[in-house]
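*Asks:* Dropping a structure here in structure tokens format, bear with me for questions.
The values are calculated or read from the model by the stated rules, or taken from the named source; none is laboratory data. Just so you know, these numbers come straight off a predicted model, no measurement behind them. Positions of Cβ are backbone-derived with ideal geometry, glycine not excepted, and every protein chain shown enters the neighbour counts. These area figures cover heavy atoms from the full protein model, side chains too; ligands, DNA and RNA do not enter into them. Shrake-Rupley method; radii C 1.70, N 1.55, O 1.52, S 1.80 Å.
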Amino acid sequence: MRAVADGLRALDPRLKLAAALVLGPCLWKVHVASAAFCALVFLFLVPMLSASRPLGSRMVKSLFFFIFLWVAVKSGVDAMTGVPSEYILADAGQLAVRLTGLVLLGLVLALSTSPRTIGLAVAWYIRPLVGRERAWRVALSLALMVHFLPICLSTVIGVRDALDRRCPEMGGIMKARVIPQAVIRNLGQKTWSQTLAVASRGLEGPEAWEADFRWAALDLVWACLIAIVVVLLFIP
């Protein structure tokens with residue numbers, strides 16, 4: 001399992017980013033059985049990649065709660081608009097499968113590639129289109145956004161655990177009011193430290209976002225395999 005995770009981390013970030021951008025829209029267009037197959041593959045990869053992360057399994061569970069919430073909202077709206085129950089269940093199942101595959105795909109990309117590496121790959125792709133000056137700004141913004149996603153999830157988990165230990169008698173309604181306020185306050189305190197980290201590492205200039213990527217033979221093999229898988233997903 002560790003070898004598979006290390007192999008995914010060693011792949012060219014340009015390949016992983018391109019594969020995610022291609023597979024993401026495909027999950028909404030292919031048959032639901034093909035989307036379920038992709039979701040199962042990603043579900044097999046995510047635990048390997050998150051094993052070395054603190055609170056990795058807890059973050060995955062939080063994302064599944066997010067999926068359940070959206071499926072419940074859609075089912076409730078369909079029920080209020082008079083959609084027959086058999087169609088509600090079918091649509092809810094398809095949405096759950098496709099949304100699960102999409103979320104797990106994003107997790108595989110985020111867990112196998114560092115935020116700065118993702119930013120370098122994005123800058124490499126868009127530099128010919130938008131120029132050197134705009135490319136590094138977009139790359140820095142995306143890297144910070146990707147970096148803050150696990151921080152947000154871990155902050156929510158930490159605040160929830162602290163409330164459970166310190167205020168076990170607090171009800172669900174009160175927690176729903178306190179947790180968002182505490183999370184926003186904690187994240188606001190982290191922005192200054194992130195600004196200092198960017199400045200201390202010299203990431204506020206275009207020179208820091210020009211990577212010398214090297215395409216390996218293994219990357220070519222994986223690119224061919226991904227292309228074959230994408231084609232097979234559309235075969236009925």
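*Asks:* Could you list, in sequence order, the residues of the stretch 203-221 that are of a type in the set (D, E, K, R) and either assigned to a helix (DSSP H, G or I) or surrounded by 11 or more Cβ atoms within 10 Å (Cβ to Cβ) (or both)?
*Replies:* GLU204, GLU207, GLU210, ASP219 - these are the residues of the stretch 203-221 that are of a type in the set (D, E, K, R) and either assigned to a helix (DSSP H, G or I) or surrounded by 11 or more Cβ atoms within 10 Å (Cβ to Cβ) (or both).
*Asks:* Also, quick follow-up: Please pick out the residue among VAL122, VAL103, VAL146 that is modelled with pLDDT of 85 or more, under 18 Å from ARG9 (Cα atoms) and touching a helix residue (DSSP H, G or I) at 6+ places or on another chain (Cβ under 7 Å).
*Replies:* None of the others qualify; the one that does is VAL122.
*Asks:* Take the residues in the stretch 165-192 that are among the polar types (S, T, N, Q) and at pLDDT below 80, then tell me which one is nearest to PHE148 (Cα to Cα).
*Replies:* So, considering only residues that are among the polar types (S, T, N, Q) and at pLDDT below 80, the one nearest to PHE148 (Cα to Cα) is THR191.
*Asks:* Quick check: is even one residue across the stretch 156-167 part of a helix (DSSP H, G or I), free of Cβ contacts under 8 Å to residues at least 12 places away in the same chain, under 29 Å from LEU21 (Cβ atoms) and not β-branched (Val, Ile, Thr)?
*Replies:* No, that holds for no residue.
*Asks:* Tell me, which helices (runs of 4 or more DSSP H) lie completely within the stretch 1-112 with 1 or more residues that are in contact (Cβ under 8 Å) with a residue 24 or more places away in the chain and touching an Asp or Glu at 6+ places or on another chain (Cβ under 7 Å)?
*Replies:* Output list reads 13-29.
*Asks:* Of all residues being more than 16 Å from PRO206 (Cβ to Cβ) and in a helix (DSSP H, G or I) in the stretch 113-142, which is least open to solvent (accessible area, probe 1.4 Å)? Just the residue, please.
*Replies:* ILE118
*Asks:* Moving on to the next point. When the residues of the stretch 209-231 are filtered to those that are in contact (Cβ under 8 Å) with a residue 60 or more places away in the chain and aliphatic (A, V, I, L, M), which remaining residue is nearest to ALA33 (Cα to Cα)?
*Replies:* Per the stated criteria, the residue is VAL230.
*Asks:* Exactly one condition in (1) in contact with a Cys (Cβ under 7 Å, 6 or more places away or on another chain); (2) assigned to a loop (DSSP other than H, G, I, E, B) is not met by LEU187; state its number.
*Replies:* (2)
*Asks:* Still on this structure, I have one more. What is the residue count in the stretch 92-106 for residues that are open to solvent by 30 Å² or more (accessible area, probe 1.4 Å) and touching a Ser or Thr at 6+ places or on another chain (Cβ under 8 Å)?
*Replies:* 0
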